[in-house]
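Everything below concerns the one structure shown next.
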Ligand SMILES: Cc1cc2nc3c(=O)[nH]c(=O)nc-3n(C[C@H](O)[C@H](O)[C@H](O)COP(=O)(O)OP(=O)(O)OC[C@H]3O[C@@H](n4cnc5c(N)ncnc54)[C@H](O)[C@@H]3O)c2cc1C
């Protein structure tokens, strides 16, 4: 058995695999001494619980008596770097075992499974590897001038791209690293941006490698370890040995900080080989094609921190924020079949989307208006300040007037007094939430991982207060909702 499993949120399995993982972890899990297995974990190393579910399953299967064929592998966003060798190994092991099973009977050598055909650029639907080009139509700041966050409403033209999406899907964006950051790295490392570097099948000037093909803003342990071998700095070695300290450092720093703080020599070739491949970023689509036609709208918060008085930006959010009308952005659709509106437009929906988590619900409300069903729409939105951070305020107010939105509950956490978040509003409105759910409503959560957990706990409390459920019963109720496709989370 081969298990390929992603980790989502804070070390959780994907929703489709919840039942499987829980069963294997439970007391009723069978002995598996006849089973041979290998696990490939998929994840994003910028999350603390990177590939946690893969590791957990790998250990659990071994504990249940199964034979591990080869070590669990952990693939980062640059999936192929780890997944391709894992697949080769999996196929080789499968062939070997098949031969053993056939008791060394004369078998014709198994042929490698046909590899998927190379993507055809002329194909209708673009893909992650063969993205489409979308023209930027609008880049508008929708957070107030005094807001602590720079949030953009972005509109992209998809006409001619062959791209289609449904509300709930995300748009994948291939960013380019900031020219100034690339130049800064070249200067600090005293490297020539025009020197040509061959790596894999590509031969490009170093500047282009760094701008278009390498992660410069997200650090990984592997990059720090590679730098440490060159820097020979005791402080850096100590950081590498301190799991929690390293995690905190990673979140707050970028490659340039590492190189400036602990200088070391790199040559162009080694640098390109050591840095992970640049990966696309996903953004929930904030529109419905029934309303905007061949456009996709996004709601993007600029990732920004300061380090030693210098600005540090996230690669993709900064790239998008810098684009002006007419610029071309490479994009693809990342479908999310688990985050869909009810097929029956008479069903009510409850949408919990603080911050940029509100994005998909703008698309949901547009879609529901176009479908013209009788189901009610309830949005719970939260952010820091009413005056600065009420994204799409006039649209929501208009939708309330037009009857496209039926309830709007707001939580602003920095407007003085106690900090109020969407989960508090949910608790206050617990009776109505429970009534809507009992009436068949679908419930959606989108936004930060931690918020998703707080809201889940608030839902358990609502069920305890208004249905008299124990913690187990509340969890069971929510699990059933999930299995019926009536409770979906998109947290990141
Ligand atoms: C399904 C999905 C939907 C999403 N929808 C939206 C949306 O609607 N709107 C939105 O704004 N975002 C959304 N996101 C998040 C988005 O994809 C990006 O993660 C976000 O914009 C930051 O990307 P960036 O390239 O700007 O920053 P990055 O370049 O990825 O990150 C830069 C910052 O991360 C920190 N960092 C560096 N290394 C690490 C590390 N190892 N661990 C942790 N932190 C590190 C550093 O401080 C650095 O400054 C969504 C994500 C997913 C998965």
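For residue 289, indicate whether it is assigned by TED's automatic domain parsing to the domain that holds residue 150, surrounded by fewer than 16 Cβ atoms within 10 Å (Cβ to Cβ) and more than 9 Å from the ligand (Cβ to nearest atom). The answer is no for residue 289. The residues on offer are 77, 61, 42, and the sole one that is at pLDDT 95 or above and within 32 Å of the chain's Cα centre (by Cα) is 61. Scanning segment 167-197 for residues that are buried (at least 18 other Cβ atoms within 10 Å of the Cβ) and more than 30 Å from residue 311 (Cβ to Cβ) returns 167, 168, 169. Within segment 39-54, the set of residues being within 11 Å of the ligand (Cβ to nearest atom) and closer than 22 Å to residue 85 by Cβ comprises 44, 45, 50. Considering only residues in segment 349-375 that are more than 16 Å from the ligand (Cβ to nearest atom) and touching a strand residue (DSSP E or B) at 6+ places or on another chain (Cβ under 7 Å), the one that is nearest to residue 302 (Cα to Cα) turns out to be 350.
Okay, residues lined up against (1) more than 12 Å from residue 40 (Cβ to Cβ); (2) surrounded by fewer than 17 Cβ atoms within 10 Å (Cβ to Cβ); (3) without any contact (Cβ under 8 Å) to a residue 12 or more places away in the chain:
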residue	(1), (2), (3)
56	yes, no, no
62	yes, yes, yes
65	yes, yes, no
70	no, yes, no
82	no, no, no
95	yes, yes, no
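All conditions in (1) more than 22 Å from residue 143 (Cβ to Cβ); (2) in contact with a helix residue (DSSP H, G or I) (Cβ under 6 Å, 6 or more places away or on another chain); (3) without any contact (Cβ under 8 Å) to a residue 40 or more places away in the chain hold for residue 426, with the sole exception of (3). Please verify whether segment 24-32 includes one or more residues that are crowded, with 18+ Cβ neighbours inside 10 Å, modelled with pLDDT of 90 or more and assigned to a loop (DSSP other than H, G, I, E, B). Yes. When segment 261-284 is limited to residues that are in contact with a helix residue (DSSP H, G or I) (Cβ under 6 Å, 6 or more places away or on another chain) and more than 26 Å from residue 79 (Cβ to Cβ), the one that is nearest to the ligand (Cβ to nearest atom) turns out to be 262. Checked against the criterion of being in contact with a helix residue (DSSP H, G or I) (Cβ under 7 Å, 6 or more places away or on another chain), under 22 Å from residue 308 (Cβ atoms) and either modelled with pLDDT under 95 or surrounded by 17 or more Cβ atoms within 10 Å (Cβ to Cβ) (or both), the candidates 236, 206 yield just one match: 236. Here is the figure for segment 409-423: residues that are within 18 Å of residue 447 (Cα to Cα) and in contact with a helix residue (DSSP H, G or I) (Cβ under 6 Å, 6 or more places away or on another chain) total 4. Residue 436 meets the conditions (1) surrounded by 15 or more Cβ atoms within 10 Å (Cβ to Cβ); (2) out of contact with any helix residue (DSSP H, G or I) (no Cβ under 9 Å at 6 or more places or on another chain); (3) not in a helix (DSSP H, G or I) in every case but one. The failed one is (3). Applying the criterion of being out of contact with any helix residue (DSSP H, G or I) (no Cβ under 7 Å at 6 or more places or on another chain) and surrounded by 16 or more Cβ atoms within 10 Å (Cβ to Cβ) to the residues of segment 379-394, the residue that is farthest from residue 430 (Cα to Cα) is 388. For segment 292-308, filtering for residues that are at pLDDT 95 or above and either touching a helix residue (DSSP H, G or I) at 6+ places or on another chain (Cβ under 6 Å) or more than 9 Å from the ligand (Cβ to nearest atom) (or both) leaves 11. Scanning segment 207-222 for residues that are near the ligand (Cβ under 9 Å from one of its atoms) and not in a helix (DSSP H, G or I), we see that the one that is farthest from the chain's Cα centre (by Cα) is 216.
Regarding residue 20, is this residue in the same structural domain as residue 90 (by TED's automatic domain parsing), closer than 26 Å to residue 91 by Cα, away from the ligand (no atom under 16 Å from the Cβ) and in a strand (DSSP E or B)? Against the criterion (in the same structural domain as residue 90 (by TED's automatic domain parsing), closer than 26 Å to residue 91 by Cα, away from the ligand (no atom under 16 Å from the Cβ) and in a strand (DSSP E or B)), residue 20 does not qualify.
The values are calculated or read from the model by the stated rules, or taken from the named source; none is laboratory data. Remember, it's a predicted structure, so these values are computed and weren't measured experimentally. Cβ: placed from backbone, ideal geometry, glycine included. Neighbour counts: every protein chain shown.
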